[in-house]
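Only one structure is covered here, and it is reproduced in the block below.
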Amino acid sequence: DEFSSVQEEIEFETARLAGSNKGISSEPIILKIFSSSVIDLTLVDLPGIVKNPVGDQPKDIEIKVNNLILEYVSNPNALILAISPANNDIANSDALCLAREVDPYAQRTMGIITKIDIMDKGTSLDAVNILLNKSFPLKLGYIGVICRCQEDFKNKKPHEEVVKYE
């Protein structure tokens, strides 16, 4: 399907630019996708915030990744999607902390809350308060998502099934 072909192209280009052992590259991967059912949009998928180097990553990976992220999110026209797992305290979100550096009034930051499906039962009220924009208010609010698990990637679970489950 179309989603799988885009995913394969991203994986191919990532391996070409950054290697296959968790390396990073500041060179962007540019894909042009044409569709009559979506708006024109430039999407930049940045690496997640890294604290400890693994694989082929340099010893100063944390600094390099933070600088790379700041290079893009410092643009005042950029919408920042600050991705945080629901099973961590939102007050300790590295993504929201970094977004606040360049968007101190949270005018162009949207929170994306992942892993809602694997939260402890006792913390569901916290997730509700986050999604209702009460815990750490952002002008653009929050969206909750359930991501594919690693098994879904390995088994190449069709995108339609993943969306239905979510």
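The values are calculated or read from the model by the stated rules, or taken from the named source; none is laboratory data. On a predicted model such as this, the values are computed, not experimentally measured, just so you know. Neighbour counts run over all protein chains shown; Cβ positions are idealised from the backbone, glycine included. For accessibility, only protein heavy atoms count, side chains too; no ligands or nucleic acids. Shrake-Rupley method; radii C 1.70, N 1.55, O 1.52, S 1.80 Å.
Of everything in the range 127-166, what is more than 15 Å from ILE116 (Cβ to Cβ) and among the acidic types (Asp, Glu)? Give them in sequence order.
GLU151, ASP152, GLU160, GLU161
Within the range 51-60, which residues are in contact (Cβ under 8 Å) with a residue 24 or more places away in the chain and either β-branched (Val, Ile, Thr) or open to solvent by 100 Å² or more (accessible area, probe 1.4 Å) (or both)? Before you say what the answer is, go through the steps one by one.
Here is the first cut: in the range 51-60, the ones in contact (Cβ under 8 Å) with a residue 24 or more places away in the chain are 54-57.
VAL54, ASP56, listed by residue number.
Tell me, yes or no, whether the range 33-43 has at least one residue that is more than 27 Å from ASP152 (Cβ to Cβ), assigned to a helix (DSSP H, G or I), acidic (Asp, Glu) and free of Cβ contacts under 8 Å to residues at least 24 places away in the same chain.
No, because not a single residue in the range 33-43 is more than 27 Å from ASP152 (Cβ to Cβ), assigned to a helix (DSSP H, G or I), acidic (Asp, Glu) and free of Cβ contacts under 8 Å to residues at least 24 places away in the same chain.
Output the residue which, of all residues in the range 8-26 that are in a helix (DSSP H, G or I) and not acidic (Asp, Glu), is most open to solvent (accessible area, probe 1.4 Å). So that I can check it myself, show each step before the final result.
Just the residues of the range 8-26 that are in a helix (DSSP H, G or I), to begin with: 8-18.
Subset that is not acidic (Asp, Glu): 10, 12, 14-18.
Numbers: ILE10: 74, PHE12: 124, THR14: 59, ALA15: 48, ARG16: 141, LEU17: 39, ALA18: 20 Å².
Residue satisfying both the conditions and the ranking: ARG16.
Which of the following residues is modelled with pLDDT of 80 or more and surrounded by 17 or more Cβ atoms within 10 Å (Cβ to Cβ): ILE29, ILE39, ILE63, ILE130? Quick ask: steps written out before the conclusion?
Values: ILE29 fails: surrounded by 17 or more Cβ atoms within 10 Å (Cβ to Cβ); ILE39 fails: surrounded by 17 or more Cβ atoms within 10 Å (Cβ to Cβ); ILE63 fails: surrounded by 17 or more Cβ atoms within 10 Å (Cβ to Cβ).
Selected residue: ILE130, the only one of ILE29, ILE39, ILE63, ILE130 that is modelled with pLDDT of 80 or more and surrounded by 17 or more Cβ atoms within 10 Å (Cβ to Cβ).
It is to be established whether one or more residues within the range 117-134 are of a type in the set (S, T, N, Q) and touching a Ser or Thr at 6+ places or on another chain (Cβ under 6 Å). Working first, answer last.
From the range 117-134, those of a type in the set (S, T, N, Q) are 123-124, 129, 133; that's our starting set.
Filter once more, so that each one left must be touching a Ser or Thr at 6+ places or on another chain (Cβ under 6 Å): 129.
Yes: the range 117-134 contains one or more residues that are of a type in the set (S, T, N, Q) and touching a Ser or Thr at 6+ places or on another chain (Cβ under 6 Å).
Take the conditions assigned to a loop (DSSP other than H, G, I, E, B) and either more than 19 Å from the chain's Cα centre (by Cα) or aliphatic (A, V, I, L, M) (or both) and apply them to VAL50. Does it pass?
Numbers: assigned to a loop (DSSP other than H, G, I, E, B): yes; either more than 19 Å from the chain's Cα centre (by Cα) or aliphatic (A, V, I, L, M) (or both): yes.
Here the answer is yes, as VAL50 does meet what is asked.
Report, by residue number, each residue of the range 94-114 that is open to solvent by 90 Å² or more (accessible area, probe 1.4 Å) and either in a loop (DSSP other than H, G, I, E, B) or aliphatic (A, V, I, L, M) (or both).
Initially, the range 94-114 is screened for residues open to solvent by 90 Å² or more (accessible area, probe 1.4 Å), giving 100-101, 105, 107.
Listed by number, the residues that qualify are TYR105, GLN107.
Residue check: is ALA91 surrounded by fewer than 17 Cβ atoms within 10 Å (Cβ to Cβ), among the hydrophobic types (A, V, I, L, M, F, W, C), touching a residue at least 24 places away in the same chain (Cβ under 8 Å) and within 20 Å of ASP126 (Cβ to Cβ)?
Numbers: surrounded by fewer than 17 Cβ atoms within 10 Å (Cβ to Cβ): yes; among the hydrophobic types (A, V, I, L, M, F, W, C): yes; touching a residue at least 24 places away in the same chain (Cβ under 8 Å): yes; within 20 Å of ASP126 (Cβ to Cβ): yes.
When the stated conditions are applied, ALA91 passes them.
Please go through the range 133-152 and give me each residue that is open to solvent by less than 90 Å² (accessible area, probe 1.4 Å) and in a helix (DSSP H, G or I), ordered by number. Outline the logic, then answer.
Residues of the range 133-152 open to solvent by less than 90 Å² (accessible area, probe 1.4 Å): 133, 135-138, 140-149, 152.
Across the range 133-152, the qualifying residue is only ASP152.
If you scan the range 11-28, which residues turn out to be touching a helix residue (DSSP H, G or I) at 6+ places or on another chain (Cβ under 6 Å) and touching a residue at least 12 places away in the same chain (Cβ under 8 Å)?
The initial filter retains those residues of the range 11-28 that are touching a helix residue (DSSP H, G or I) at 6+ places or on another chain (Cβ under 6 Å), namely 24-27.
Within the range 11-28, ILE24, SER26 meet the criteria.
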